[in-house]
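In what follows, a structure is listed as structure tokens, so that the remarks can point back to it.
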Amino acid sequence: MTHDYTSGPLERGPRGSFTRHSGDIRYIVIHYLWSRIDTDWPMSKVAQMHERENGWNGPGYHYLTRRGGSLEYGRPEWARGAHVRGHNDRSIGLAYEGGRIPGDNQKGHDTRTQEQRDRLNHLVSALKAKYPNAQVVGHRDLTATQCPGFDAKAWWTKQKAKPAPEGAKPMSGDKGLDDPRGMIAVIGAALVGVFLWIRRR
Ligand SMILES: [Zn+2]
């Protein structure tokens, strides 16, 4: 019986039930897999490795963003993961596929594609809406590692500061009735009209 990690999280690990977080989520932790950018690393492969080589109860992460931007699930959000030593309780682990460039087996790199950046932005936004007190950090902000290959705190601060996408804002120069200034002008003109009409009688 193999779990389909593209359809939803694993509700129970191969070695038994997961442990619940002891309280509110404190950290949303971003990781890379440190998989080579020319190699496929779906969550099913991460699960196999974590189970066989690390002896863990299923994959350690909660989510995985693939190079093409698709999202795969690991542990359910309510369950403690296995992704950051000392902080697995009350944290959610998000990994992205990649981080390793062929020919460099020493350093981690930010190899996120635009699709991965967009997906990560949506995912973190959704998690922040659910867990408003959680801090967005990189693995390296909590323990000595290069993971995830970029400054996750600074990245998230920049995402938050971005203006609303084009199309969400009213067009400049188009003062319709949905624009408060347009509405005030129409009401003002109507009042002047009524006033002049009364005076003429
Ligand atoms: Zn990590």
- Around THR19: net Lys/Arg minus Asp/Glu count, Cβ-Cβ under 15 Å: +3
- Message: Taking the beta-carbon count within 10 Å as an exposure proxy, list LEU64, LEU127 from fewest neighbours to most.
- Response: LEU127, LEU64
- Any GluC sites (Glu not before Pro) in region 1-82 that lie in a DSSP loop and have at most 13 other Cβ atoms within 10 Å would be GLU11, GLU53
- Query: Arranged by the count of other C-beta atoms within 10 angstrom, fewest first, what order do ILE30, ILE37 take?
  - Reply: ILE37, ILE30
- Task: Take THR143, THR65 and order them by how many other Cβ atoms sit within 10 Å, fewest up front.
- Result: THR143, THR65
- Message: Restricting to DSSP loop positions (anything but H, G, I, E, B) with no more than 16 other Cβ atoms inside 10 Å of their own Cβ, which trypsin sites (Lys or Arg not before Pro) remain in region 74-122?
- Response: ARG85, ARG90, LYS107
- Tensor-based shape of region 13-85 (alpha-carbon gyration tensor, a/c under 1.5 rounded, otherwise prolate or oblate): oblate
- Task: Note the per residue figure in Å³ for the convex hull of the C-alpha positions in region 27-161.
- Result: 105 Å³
- Under the classification rounded if a/c is under 1.5, otherwise prolate if a/b is larger than b/c and oblate if not, where does region 69-135 fall, given a ≥ b ≥ c as square roots of the Cα gyration tensor eigenvalues? oblate
- The summed charge of the GLU97 Cβ neighbourhood (under 14 Å; Lys/Arg +1, Asp/Glu -1) stands at +3
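FYI, it's all coordinate maths here, none of it is from the lab. These figures come from a predicted structure and were not determined experimentally. Note: ideal-geometry Cβ built from the backbone for every residue, glycine included; neighbour counts use all protein chains shown.
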